Amino acid sequence: MTVYLVGAGPGDPELVTVKGADVLRRADVVVYDRLSVASLLDLAPADAERISVGKTPGHPSMPQDQINALLVARGREGKEVVRLKGGDPFVFARGGEEARALLEAGVPFEVVPGITSAVGVAAYAGVPVTYRGLSTSFTVVTGHEDPWAATETDWDAVARLGGTIVILMGVATRAAIAERLMAGGLTPDTPVAAVRWGTRPEQRTVRTTLGQLATVELEPPVTMVVGAVAELDLRWFEARPLFGRRIVVTRAREQASELVERLHRLGAETIELPAITIDEPDDDGAALRAAADALRKGDYRWVVFTSANAVERFGALLRDARDFGTAKVAAIGPGTADALRRVGVEADLVPPRFVAESLVDAFPPGEGRVLLPRAAVARDVLVEGLAAKGWQVTRADAYRTLPAEPSPSALAEARKADAITFTSSSTVTNYLQVAGPDSVPPVVVCIGPVTAATARDAGLTVDVVAEEHTIDGLVQAVIDALR
């Protein structure tokens, strides 16, 4: 077994390397610090041991010699150990000391390089560390050491070298650093870009000069870029439409990934606070199993699906798409139609508007039996509407939604958010049941009119309803509401 010294990158979890993600997925133990990306811990197996050695409120970080001993001990137990470190493990991260301890102890180890914040953070701030005509080199230096008592850094030489200077961990010593660099020959008007929490949704870039650096309010962690390139402003990360916005996602966790991913790509920070969980119906699926058997016998002319959940639950009971036989299939919207495609079925009918009323309008009149796998609690618009058109509708509970139990910390974060998204009536009622109206952020965005009506009936002010009742439509509605 091996100890892997893995660079997590500067903050954006998508910047971890393919190999870094691979070793995390098979880790027995993950040892991580404050600058590690928390979401990367989710890549490790659920039963992996997770050990924090970084600073937490009220608790100092574990001393380096104890971290070294911990890695050696876990490695000798024959376990796959990942030491997850922010940035690159060999760039001001003391990975070299850990590697030496493992080597001297005879414990096998590998180094998995990561994107250092010296380059990655600058890029996310729109500052290239080299640029033709401005800088042909860059120097990375730690600001952790007192510049006036420096024994390892010749600040005068750094100033004379020219090019770009990238300073890590220099917030507390920035006044002295600026003074030393100016004493070494840099002018007070030398541009500086100071980037806090670079590559993360909370990234903030402060533009200043070397002469004013001491007066600028900064809190760590900050990467400072000094030199002519710092005057360039090739912003892209902070220019995304939802950058810096915090949005609550109330969808069930197993369904939330698409919405969360879309919001992240647009710059938002998401607070996943599922209002519902998806569970077996009260009869443990007996009616659904009986409906699947009847479908195989050819008892139904149509099968109507109103959610991806129903498709997934019902599809799991079928051998494959041939079990539908000659029955036609209707889907209430494109999300449900996509779920059908995943089980090899193309919907014969998708209404122009993705609500039950539109599906009733689009459904042909006729005779025979229609199967409706659905949530245990649902409106009867479809049942009554199809019956009025001559059909016999068989309802089969595919699942039921139950209120989730969010943690107090998650509720506290939700209260500070900019907006909340609701994707069904059940997410509205259950969120209010577990969180209360005081935990609703100032902007409420609903996926469709039925969900919006439920929210209004509960006393909420709905700011935007998605024109297209899909995840894409909901995301656009969030952009419109927060623009």
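The values are calculated or read from the model by the stated rules, or taken from the named source; none is laboratory data. Note that the structure is predicted; figures quoted are calculated from it, not measured. Ideal geometry is used to build each Cβ from the backbone, glycine not excepted, and the neighbour counts take in all protein chains shown. Heavy atoms of the whole protein, side chains included, go into the accessibility calculation; ligands, DNA and RNA do not. Shrake-Rupley method; radii C 1.70, N 1.55, O 1.52, S 1.80 Å.
Taking segment 181-240, which residues are free of Cβ contacts under 8 Å to residues at least 60 places away in the same chain and at positive phi? Lay out the reasoning, then the answer.
Step one: of segment 181-240, the residues free of Cβ contacts under 8 Å to residues at least 60 places away in the same chain are 181-192, 194, 196, 204, 206-220, 222, 231, 239-240.
The one that is free of Cβ contacts under 8 Å to residues at least 60 places away in the same chain and at positive phi: Gly185.
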Legend entry - Sole exception among (1) under 18 Å from Pro221 (Cα atoms); (2) under 32 Å from the mean Cα position of the chain (by Cα); (3) of a type in the set (Val, Ile, Thr) for Thr173, by number: (2)
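Might you check whether a residue that is in contact with a Ser or Thr (Cβ under 9 Å, 6 or more places away or on another chain) and open to solvent by less than 50 Å² (accessible area, probe 1.4 Å) occurs anywhere in segment 313-327? Talk me through it step by step, then tell me what you get.
In the first step, residues of segment 313-327 are kept if they are in contact with a Ser or Thr (Cβ under 9 Å, 6 or more places away or on another chain); the result is none.
No - not one qualifying residue is present in segment 313-327.
Looking at the structure I just gave you, is Asp299 open to solvent by 20 Å² or more (accessible area, probe 1.4 Å) and farther than 30 Å from Ala410 by Cβ?
Working: open to solvent by 20 Å² or more (accessible area, probe 1.4 Å): yes; farther than 30 Å from Ala410 by Cβ: yes.
Yes: the conditions hold for Asp299.
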Legend entry - Cβ pairs under 7 Å, 6+ apart, first in segment 40-55 and touching a residue at least 40 places away in the same chain (Cβ under 8 Å), second open to solvent by 60 Å² or more (accessible area, probe 1.4 Å): Leu41/Arg50
Inset, instruction - Give the residues of segment 221-232 that are in a loop (DSSP other than H, G, I, E, B) and modelled with pLDDT of 95 or more, sorted by residue number. - result: Gly227, Leu232
Legend entry - Residue ID - most open to solvent (accessible area, probe 1.4 Å), chosen from residues in segment 20-46 that are modelled with pLDDT under 95 and among the acidic types (Asp, Glu): Asp42
Inset, instruction - With the checklist (1) farther than 30 Å from Asp12 by Cβ; (2) at pLDDT below 95 in hand, flag the one item Gly211 doesn't pass. - result: (2)
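Yes or no: Ala290 modelled with pLDDT of 95 or more and either touching a strand residue (DSSP E or B) at 6+ places or on another chain (Cβ under 7 Å) or farther than 21 Å from Thr470 by Cα (or both)?
Details: modelled with pLDDT of 95 or more: yes; either touching a strand residue (DSSP E or B) at 6+ places or on another chain (Cβ under 7 Å) or farther than 21 Å from Thr470 by Cα (or both): yes.
It is true that Ala290 is modelled with pLDDT of 95 or more and either touching a strand residue (DSSP E or B) at 6+ places or on another chain (Cβ under 7 Å) or farther than 21 Å from Thr470 by Cα (or both).
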Inset, instruction - Would you mind telling me which numbered condition in (1) over 28 Å from Tyr32 (Cβ atoms); (2) modelled with pLDDT under 95; (3) in a loop (DSSP other than H, G, I, E, B) Gly126 fails? - result: (2)
Inset, instruction - Among the candidates Ser426, Ser439, single out the residue that is within 30 Å of Asp338 (Cα to Cα) and crowded, with 18+ Cβ neighbours inside 10 Å. - result: Ser426
Legend entry - Selected residue [at pLDDT 90 or above and either over 20 Å from Leu382 (Cβ atoms) or open to solvent by less than 10 Å² (accessible area, probe 1.4 Å) (or both)] from Val434, Val445, Val450: Val445
Legend entry - Lone unmet requirement of (1) out of contact with any strand residue (DSSP E or B) (no Cβ under 8 Å at 6 or more places or on another chain); (2) of a type in the set (A, V, I, L, M, F, W, C); (3) under 19 Å from Thr394 (Cα atoms) for Phe354: (3)
Legend entry - Every residue from segment 323-358 that is closer than 18 Å to Leu474 by Cα and without any contact (Cβ under 8 Å) to a residue 12 or more places away in the chain: Pro352
